[in-house]
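First the structure, in the form of structure tokens, and then the observations on it.
Computed from the coordinates by the stated procedures, all read-outs in this text should not be read as laboratory data. The structure presented is a predicted model; accordingly, all values stated were derived computationally and were not measured. Positions of Cβ are generated from backbone atoms using ideal geometry, with glycine treated the same way; all protein chains shown enter the neighbour counts.
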Amino acid sequence: MLTIRTEEWHLLNWISKNKKIFLLLIFVVIVVAGILDIKYEGLFFQLLPTSIQTFLSNLF
């Protein structure tokens with residue numbers, strides 16, 4: 001049987017009360033991860049076509 005600890009319960013309550021702030025935080029983390037992936041030529045950067053890679057390399 002699954003039980004929820006009080007710390008987890010408080011976190012879930014905070015998220016449900018502050019959905020916009022939580023979604024904004026998630027969005028910012030994803031954008032920063034994407035920028036770092038482009039800057040350091042990570043996995044998703046390498047999956048892009050060569051022309052887009054060249055454009056992004058010149059941009060950053």
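Counting Lys and Arg as +1 and Asp and Glu as -1, what is the net charge of the other residues whose Cβ lies under 13 Å from the Cβ of Ser57?
Around Ser57, the surrounding residues sum to -1.
Say R0 is 30 Å: what FRET efficiency, to the nearest 0.05, do Leu24 and Phe55 get from their beta-carbon distance?
Here the calculated transfer efficiency is 0.60.
Given H placed on each backbone N at 1.01 Å, which residues far from Gly42 in sequence or on other chains put an amide H within less than 5 Å of it?
none
Grab the Cα-Cα distance for Lys17 and Leu47, subtract it from 0.36 nm times how many residues apart they are, and report the gain in nm with one decimal.
Working: separation 30, 0.36 × 30 = 10.80 nm, distance 3.79 nm.
This chain segment gains 7.0 nm when fully extended.
Setting aside same-chain residues fewer than 8 positions from Lys20, which aspartates and glutamates have a Cα under 17 Å from its Cα?
Leaving aside aspartates and glutamates fewer than 8 places away in the same chain, none come within reach of Lys20.
Residue by residue through region 21-35, which ³J(HN,Hα) values in whole Hz follow from phi under the Karplus form 6.51 cos²θ - 1.76 cosθ + 1.60 (θ = phi - 60°), with glycine and proline marked x?
Karplus-based 3J(HN,Hα) across region 21-35 equals 5, 5, 5, 5, 4, 4, 4, 5, 4, 5, 5, 4, 4, x, 5 Hz.
Please give the net charge around Phe45, taking every other residue with its beta carbon less than 10 angstrom from that of Phe45, where Lys and Arg add +1 and Asp and Glu add -1.
That sum, taken over residues with Cβ under 10 Å, equals -1.
Multiply the residue gap between Asp37 and Thr6 by 0.36 nm, knock off their C-alpha separation, and tell me the result in nm, one decimal place.
Taking 0.36 nm per residue and subtracting the Cα distance, the gain is 7.5 nm.
Out of these labelled values of Cα Rg over 2.2 N^0.38 Å, (i) 1.76; (ii) 2.25; (iii) 1.35, which was calculated from the coordinates shown here?
(i)
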